[in-house]
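A short worksheet on the structure shown next.
What follows is calculated from the coordinates using simple rules that are stated; it is not laboratory data. Computed from a predicted model, the values in this text were never measured in an experiment. Here the Cβ positions follow ideal geometry from the backbone for every residue, glycine too, while neighbour counts run over all protein chains shown.
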Amino acid sequence: MALLSSARYRAAGVFLALAGLLGFCVASTEGLINVYRIILPGNTLPDGAYPYPPEFWGVNAILSDVSICFLVIGMAAVFLAKERDEYLERIRLESVQFAVYAQFLVGLVAFAYVYCTPGYQIENTFQGIMGMACGAFLVAYGLRYYYIVHIKTDEE
């Protein structure tokens, strides 16, 4: 228990994790080009297309890396914060274990789907698979923890 941080960092951790997940989704779906369209609308071609700026792929890679760092730091701040009692601490531990299993399952299914589907190249979809697995972890943890603490407790 000595390695747990103060609970006041949890809100910042949630913000960092959500910002990291959003940035990762934008970077992995080439949505950053839409940001360029908003910032520099004058560069749009007459047919409505938008040319990639020369620095696009470098900025997109940096956004992806920084987003993953935000996601990891945010998840660590959320999951390594102290709880107010032992019951919630036990529920959190069980929720993290459940979320790890869900993450492995989603990652394995996504990898098997991409590997077995003709036409996909694993090099192009690896970031998407990792993003789905990280998102599955966050969603599974949040849903199970919320269900046990708020809904199941109200039923009893």
**Request:** Counting other beta carbons within 10 Å of each Cβ, put ASP47, ASP65 in order, fewest first.
**Result:** ASP47, ASP65
**Item:** Spin-label model distance (nm) - GLU55 vs GLU83, 7 Å beyond Cα toward Cβ
**Value:** 4.6
**Message:** Need the full-extension length gain, GLN127 to VAL100, defined as separation in residues times 0.36 nm minus the C-alpha distance. One decimal, nm.
**Reply:** 7.9 nm
**Prompt:** Mean shadow of the stretch 83-156, computed from the convex hull of its alpha carbons, in nm²?
**Reply:** 5.8
